[in-house]
Every structure is written in structure tokens, then in C-alpha cells.
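K.L.:
Starting off with a structure, shown below.
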Amino acid sequence: MAFSRSSARGTKSWIAAIRCGCYRIFFNALGPFIDACRPDLVWAQMEGAREILEIARKNGVPGLYFVHDAEFDPVELRAIVEMSCRIVCGSGFLARKVLLATGCRAHVVYPPAELYFGERGDPDGYVTMINAHKVKGLETFLEVARRLPRVSFLLPESWKLQDDALAALQARLTELPNVTFQHRVSDMRQVYRMTRLLLAPSIWEEGFGMVAVEAQSCGIPVIASARGGLPESVGDGGLLIKDYRNVDDWVAAVRSVLEYPERYADLSARALAHARSDDFSPPELARRFLAACQAPAPGVGMMARGMRAWRRYLLNSYRGH
């Protein structure tokens with residue numbers, strides 16, 4: 001079936017209307033449900049979180065908001081803080097951004113990663129980058145592969161590529177015979193078993209960087225951009241590239257790991273130890289999250305208001321110039 005642009009726009013409008021209607025049905029039913037169940041806490045995140053937390057507050061139930069990434073709306077987040085909701089962030093990096101945006105101190109609980117301690121990466125396997133998208137550092141990865149033609153690279157899909165993007169990528173890969181593209185798989189152990197080194201050359205601010213911990217649980221060292229939450233997910237189980245847009249630095253780092261077996265073995269052992277730390281153990285994460293739920297509700301005190309006023313002053317001063 002063929003669609004014109006106008007019919008495509010119409011289809012999108014219908015989808016948006018259906019989504020809006022579904023949300024409205026959900027929000028209308030949520031209040032009576034909370035009132036009947038009387039939960040101790042309502043946890044919300046991502047789309048619709050503010051509305052959910054407002055409904056919970058109207059029903060006398062405290063709320064908790066989980067911040068996953070750095071692209072949060074500061075206006076919405078400040079409104080959530082004004083409701084005295086507990087704020088939990090997926091990294092210390094995100095908690096610092098929340099503090100700057102709202103003046104509110106957030107709890108830090110890393111997102112639970114899939115830990116594959118029974119699996120091991122292949123010391124003679126691929127140099128892998130997961131998620132073939134520009135914001136994840138695709139251009140850097142392809143250029144590193146071009147400069148290291150004797151090294152085998154693996155590029156597994158994570159976010160589903162549209163047909164046109166996939167075709168464009170595959171056309172580019174014809175010039176890079178040392179890069180293997182892999183469609184997304186349901187079990188990432190298939191990828192990690194073939195990997196000896198993981199690259200995470202993200203150019204955006206990652207909220208955390210779960211693939212780093214997953215790879216490290218298989219004894220795979222990680223080289224990542226020193227950006228967003230990646231320094232926390234990599235720890236001392238890999239290398240961080242400060243000038244993350246500089247391909248020369250990436251090539252030098254990859255060579256420094258692959259060409260020296262003793263260095264590789266040391267980084268592999270450190271990667272495994274980092275993944276085994278309490279910071280990522282499921283029982284410890286559960287304990288920290290429960291502690292955040294049971295903590296006193298944050299107040300929006302004088303300090304927070306002062307920080308907001310100071311931020312507004314700096315912003316207005318900047319605009320004035």
C-alpha cells in the first residue's frame with residue numbers, strides 16, 4: 001500500500017489522537033485506583049510523569065520521579081520538585097544536573113544492568129560498538145575502523161534502523177570490509193562472546209552507559225567518551241577519551257590496548273572487578289532505591305530558591321550581552 005505525504009501526516013495525526021485518548025483514559029482511571037489501593041508511594045518516569053505525580057498528590061500519596069537521561073525538561077522537573085516528590089537519578093552526573101536545574105539534591109541509584117558474569121569476551125574477537133547511530137558516535141567508530149584495516153570491528157544494531165538509514169549504512173560499509181554489521185538480537189551475550197574491546201564514542205550526554213557495565217561483566221575492557229554518565233559506568237575498567245571528537249585519540253587508545261597483551265589482561269581484570277562492585281549489584285541497588293523511597297520528602301527551602309534566583313540572574317545577564 002502506498003501513502004502520500006498528506007496521508008502520512010494524517011496517519012500520524014490519528015496515532016497522536018489515539019495516544020492522547022489513551023492517556024486521558026489512563027489519567028481518569030488513575031485517581032480512583034490510587035484512592036482504592038492507597039499505595040505508600042507512586043513512582044513515575046518519562047512521558048506523563050508530571051500528570052501521574054499530580055494525581056498522586058491530589059490523592060494524598062507521595063511521589064517519586066526517576067531521571068533517566070540528561071534531556072529532561074527543567075520546567076517540568078521544577079514543577080515536580082515543587083510537589084515535594086523524591087528525585088532519583090540514574091547517575092551522579094544526572095544528580096548534579098538536577099541540582100543545578102532545581103536546587104534539589106537527588107538520590108543516585110544506577111539502573112540495573114544485565115550482568116553476565118558466567119560469560120567471557122573473546123580476547124581475539126571484535127572491537128565492538130553497540131547502536132549504529134550518529135549520537136552514539138557512529139562517525140568516530142567508522143573512521144577508527146578505516147584507520148585500523150587489520151582490526152575486525154562489529155557494529156550491532158540496538159535502536160531499530162529505518163530502511164533508508166540501514167541502506168545508507170550498508171552502502172558505507174562496502175568500503176570497510178573489516179566492519180561487520182549485525183541486526184539487533186534479543187540476547188546480548190551473543191555479542192559479548194565475540195567481543196574483545198567495547199567502544200562507546202558517544203557525542204551526546206549519556207545518562208549512564210549500561211553497555212559499559214554489561215561488557216565489563218564479561219571481562220571486556222571499555223574505551224568511552226568522557227561525557228555524561230559514562231565515566232561512572234566505565235570507572236577504572238577501561239579508558240576515557242577526554243577529547244572525544246578527536247579520532248586520533250581513539251585510534252591511539254585502541255592500539256594501546258590491543259597491541260599490548262599485558263595491558264589488555266590488566267584492563268580485562270579491572271573491568272570485571274568494576275562490574276562486580278557493590279555499585280551495580282542488584283541487592284545493593286534495591287537497598288538504595290528503598291532508602292530513597294523511605295527518605296523524608298525534600299522541601300523546597302531557602303537554599304533551593306536562592307540557587308534558582310542566582311541561576312535566573314546569570315541567565316538574564318548572559319542574554320543581556
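Results for (1) closer than 21 Å to residue 155 by Cβ; (2) in contact (Cβ under 8 Å) with a residue 60 or more places away in the chain, shown as yes or no for each residue.
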position: 196; (1), (2): yes, yes
position: 203; (1), (2): yes, yes
position: 208; (1), (2): no, yes
position: 221; (1), (2): yes, no
position: 231; (1), (2): no, yes
position: 251; (1), (2): yes, yes
position: 257; (1), (2): yes, yes
position: 263; (1), (2): no, no
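K.L.:
Mind checking which helices (runs of 4 or more DSSP H) fall wholly inside region 217-282 and carry at least 3 residues that are within 21 Å of the chain's Cα centre (by Cα)?
P.N.:
230-234, 261-275
K.L.:
Could you look through region 283-321, keep only residues that are modelled with pLDDT under 55 and part of a loop (DSSP other than H, G, I, E, B), and pick out the one that is surrounded by the fewest Cβ atoms within 10 Å (Cβ to Cβ)?
P.N.:
So the residue we want is 321.
K.L.:
Out of 61, 42, which single residue is crowded, with 18+ Cβ neighbours inside 10 Å and modelled with pLDDT of 80 or more?
P.N.:
Only one candidate passes the filter, namely 42.
K.L.:
To continue, here is another question. Does residue 96 fit the bill of being basic (Lys, Arg), modelled with pLDDT of 95 or more and surrounded by fewer than 16 Cβ atoms within 10 Å (Cβ to Cβ)?
P.N.:
When the stated conditions are applied, residue 96 passes them.
K.L.:
Of all the helices (runs of 4 or more DSSP H) wholly in region 89-195, which have at least 3 residues that are more than 26 Å from residue 205 (Cα to Cα)?
P.N.:
Once the helices (runs of 4 or more DSSP H) in region 89-195 are filtered for at least 3 residues that are more than 26 Å from residue 205 (Cα to Cα), what remains is 163-173.
K.L.:
For residues that are outside any loop (DSSP other than H, G, I, E, B) and of a type in the set (A, V, I, L, M), scanning just region 65-81, find the one that is nearest to residue 52 (Cα to Cα).
P.N.:
First, pick out the residues of region 65-81 that are outside any loop (DSSP other than H, G, I, E, B): 65-67, 74-81.
Going one step further and asking which of them are of a type in the set (A, V, I, L, M), we end up with 67, 75, 77, 79-81.
Details: 67: 15, 75: 16, 77: 13, 79: 13, 80: 10, 81: 14 Å.
By that ranking, first place goes to 80.
Residues checked against (1) touching a Pro at 6+ places or on another chain (Cβ under 8 Å); (2) modelled with pLDDT under 95:
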residue: 120; (1), (2): no, no
residue: 141; (1), (2): yes, no
residue: 152; (1), (2): no, no
residue: 187; (1), (2): no, yes
residue: 191; (1), (2): yes, no
residue: 194; (1), (2): no, no
residue: 199; (1), (2): no, no
residue: 202; (1), (2): no, no
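The values are calculated or read from the model by the stated rules, or taken from the named source; none is laboratory data. Treat the numbers as computed from the prediction; the structure is a model and nothing was measured. All Cβ positions, glycine included, derive from the backbone under ideal geometry; neighbour counts span all protein chains shown.
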